[in-house]
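Below is one structure, written out as structure tokens, with a few remarks after it.
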Amino acid sequence: MASLALAIFWSMVTAGRILFAAIEKWFPEPLVCRALPLRVAAAFVVTACVAKTSSLLGILTFALAGLGCSALLPLTISFGQKELTTIAASTAGGLIAFYQIGYGIAAFGVGPLQTWAGLDLSIIFGGTAIVALAMAAVSFVVTRKSSPQHSQRPA
């Protein structure tokens, strides 16, 4: 079941990137960038609450997480390059480096938290939701100049 959940997660990452590229006209990038971290936070909270015997709900939660993660990296690189044009290449490289550090922490940090710190996975996932909520707060700062107009009425 864990392998299936991981396959579903990565499938939703791919499907989400295609979906958000296709609906950009109706759901602009700043809104996507603000909504996706909230989906990730919701996935972490639900994952923390899912009973260990509920495989189907766990798999659906990983699908939600994959959708939430789908466009975050490309959008962050895009916003970074638009805002920091003089160092656009360095911005993209720095974001990829930090992404890889985060991926490494996620991949290799959970085991020691369970083994050495004695934390249950529900505590780890629940605590990680705080990180996703912080990302949501930062997304409002990152996208503030790119926000669509609230009104289409002439002044």
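Applying the criteria of a DSSP loop state and at most 12 other Cβ atoms within 10 Å to the chymotrypsin sites (Phe, Trp or Tyr not before Pro) of the stretch 3-103 yields Trp26. Between Ala92 and Ala35, the simple label model (points 7 Å from Cα in the Cβ direction) yields a spacing of 2.6 nm. For the stretch 117-142 and the stretch 46-106, compute the distance between their C-alpha centroids and round to whole Å. When both Cα centres are located, 12 Å separates them.
Computed over neighbours whose Cβ is under 12 Å from that of Met135, the net charge equals +2, Lys and Arg +1, Asp and Glu -1.
Where does the charge balance sit around Phe79 when Lys and Arg score +1, Asp and Glu -1, over other residues with C-beta under 15 Å from its C-beta? Net charge in that neighbourhood comes out at +1.
So if a site counts as exposed when it's one of the trypsin sites (Lys or Arg not before Pro), its DSSP state isn't H, G, I, E or B, and it has at most 14 other Cβ atoms within 10 Å, what's the longest stretch of the chain without one?
Numbers: sites that count: Lys25, Lys52.
Segment 53-155 is the longest.
Helices assigned as whole DSSP H runs in the chain whose Cα atoms extend at least 15 Å along their own long axis and whose mean Kyte-Doolittle hydropathy is 1.0 or higher are found at 2-22, 29-49, 55-69, 121-142. Taking the helices alone, the chain has a mean residue ellipticity at 222 nm of -26500 deg cm²/dmol, built from -39,500 (n - 2.57) per DSSP H run of at least 4 residues and averaged over all its residues.
Rounded to whole Å, the principal axis extents of the Cα atoms in the chain read 57, 32, 25, largest first.
Just subtract the alpha-carbon distance of Ala134 and Trp116 from 0.36 nm times their residue separation and send over the number in nm, one decimal. Net length gain for the segment: 3.8 nm.
Every number in this text was worked out from the coordinates using simple rules, so none of it is lab data. Treat the numbers as computed from the prediction; the structure is a model and nothing was measured. No Cβ is skipped: glycine too gets one built from the backbone with ideal geometry, and neighbour counts run over all protein chains shown.
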